[in-house]
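Trainee: One structure coming up, written as structure tokens, with questions to follow.
The values are calculated or read from the model by the stated rules, or taken from the named source; none is laboratory data. Please read all numbers here as calculations on a predicted model, not as lab measurements. Cβ coordinates were reconstructed from backbone atoms using ideal geometry, including for glycine residues, and neighbour counts include every protein chain displayed.
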Amino acid sequence: MLLKTLSELNAASGAEKAVREALKEIISPYVDSVFVDKIGNLIAEKKGRLQGPRVLLAAHMDEIALMVTDITGDGFLKFKPVGGIDARILVSKAVKINENITGVIGAKAIHLQKTGERHKALTYEQLYIDIGAKSRDEASQLVNLGDYAYFITSFAAFGDGLWKGKALDDRVGCAALVEILQNEYDFPIIAAFTVQEEIGLRGARVAAYHTEPDFAIVVETTVAADTLDRQENEWVTEVGKGPACSVMDRSTLYNPKLVRLVTELAAHKGIPLQLRRGGSGGNDAGRIHLSKSGVTTIALSVPCRYIHAPVSVISDKDYQGLISLIDQILREIPANPFFRKQH
């Protein structure tokens, strides 16, 4: 399964090679050109039979991870996050370094903590990775400063049509783009599998500047907070209720006319769609819509529980709905004057 393959690959921000090479091999039969730019984005293009707007589809390849920043005299590894990771969820998680070194994230045992310590959340300064080494010299034979540590999580189905896995943010988007590239459209389609989204939307800025799109769809995952610790009005999105269309986030105010167009199209085609509630977070749209003279941009996402964690959860129904909605938007473009005028 494509999503399983992509989820289980390791590709932190700045180290996306494994995912990039896998995607390049998969999409090459379906596109007219494919290349890697200087920052590491994978850019593919289908020319189309007719002239039309240049449409950019973007999904990022990188995932959250940890980077080794120091090795103690006792052989433990100190680390920092690459991307936004809550330190409170890390203790006792298994990680993989350099594909063949297994480690466990450790901290002082609760039996040894003083009463005051037990009531405080663990910080990165209190955590370390145990790889079984007994000294700095022994650990240094296996690991270097700057190496990445990745969570060990197997992709699998569970519950009623749900999937669990690591790096679903945003291997879900990457897999959706692969599915779309296998379809035929009358106008040019550009797919950008971007790098370094998790540390500042860096690849998207370069990709948009180079490809000069007229219209862009950012394909993502987004927070689903439909869990016990949140009131319903705080859920943002809900798993199993269809893909989500963003109205605003901290980096983009989306065109209301475009949001309405997408909402009406989804309703007409019978595709469940929810509007993303709240304005936190951000995605590659934040850089793409500002490129050069501006790019009309929409963000469509699969709701994801426990995002930016060692294991996340999505619904296959939402994933399939996302692919169907993107396909319908692309087929609507030639006949809709919205895409042929300034806004």
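Trainee: Evaluate the following for residue 77: is it farther than 30 Å from residue 214 by Cβ and modelled with pLDDT under 90?
Mentor: no
Trainee: Being under 16 Å from residue 143 (Cα atoms) and of a type in the set (Gly, Ala, Ser) is the filter; apply it to the stretch 50-73 and report the residue that is nearest to the chain's Cα centre (by Cα).
Mentor: So, considering only residues that are under 16 Å from residue 143 (Cα atoms) and of a type in the set (Gly, Ala, Ser), the one nearest to the chain's Cα centre (by Cα) is 65.
Trainee: One residue is enough: does the stretch 9-26 have a residue meeting the conditions farther than 28 Å from residue 200 by Cβ, surrounded by 17 or more Cβ atoms within 10 Å (Cβ to Cβ), touching a helix residue (DSSP H, G or I) at 6+ places or on another chain (Cβ under 9 Å) and not basic (Lys, Arg)?
Mentor: Within the stretch 9-26, not a single residue is farther than 28 Å from residue 200 by Cβ, surrounded by 17 or more Cβ atoms within 10 Å (Cβ to Cβ), touching a helix residue (DSSP H, G or I) at 6+ places or on another chain (Cβ under 9 Å) and not basic (Lys, Arg).
Trainee: Scan 47, 96, 38 and give me the residue that is in contact (Cβ under 8 Å) with a residue 60 or more places away in the chain, surrounded by fewer than 17 Cβ atoms within 10 Å (Cβ to Cβ) and not assigned by TED's automatic domain parsing to the domain that holds residue 295.
Mentor: Criteria check complete, one pass: 96.
Trainee: Being surrounded by 14 or more Cβ atoms within 10 Å (Cβ to Cβ) and on the phi > 0 side of the Ramachandran plot is the filter here, so list the residues in the stretch 262-281 that pass it.
Mentor: The answer is 278, 281.
Trainee: May I ask you to list the residues in the stretch 104-143 that are of a type outside the set (A, V, I, L, M), at pLDDT 95 or above and surrounded by 12 or more Cβ atoms within 10 Å (Cβ to Cβ)?
Mentor: Within the stretch 104-143, 128, 130, 132, 135, 136, 138, 140 qualify.
Trainee: Restricting attention to the stretch 202-213, which residues are within 22 Å of residue 329 (Cβ to Cβ) and in contact with a helix residue (DSSP H, G or I) (Cβ under 7 Å, 6 or more places away or on another chain)?
Mentor: 204, 208
Trainee: On to the next question. Tell me, please, whether a residue that is in a helix (DSSP H, G or I), in contact with a strand residue (DSSP E or B) (Cβ under 8 Å, 6 or more places away or on another chain) and closer than 20 Å to residue 156 by Cα can be found in the stretch 279-296.
Mentor: no
Trainee: If you don't mind, there's one more thing I want to ask. Which condition from (1) surrounded by fewer than 16 Cβ atoms within 10 Å (Cβ to Cβ); (2) more than 21 Å from the chain's Cα centre (by Cα) is the one that residue 259 breaks?
Mentor: So residue 259 meets the others, but not (1).
Trainee: Hey, among the residues in the stretch 179-226 that are aliphatic (A, V, I, L, M) and part of a loop (DSSP other than H, G, I, E, B), which one's farthest from the chain's Cα centre (by Cα)?
Mentor: By that ranking, first place goes to 225.
Trainee: Let me ask something else about it. Which of the residues that make up the stretch 297-325 are in a loop (DSSP other than H, G, I, E, B) and of a type outside the set (A, V, I, L, M)?
Mentor: Result: 306, 308, 310.
Trainee: On to the next question. Could you tell me whether the stretch 154-175 includes any residue that is surrounded by 17 or more Cβ atoms within 10 Å (Cβ to Cβ), modelled with pLDDT of 95 or more, among the hydroxyl-bearing types (Ser, Thr, Tyr) and outside any helix (DSSP H, G or I)?
Mentor: no
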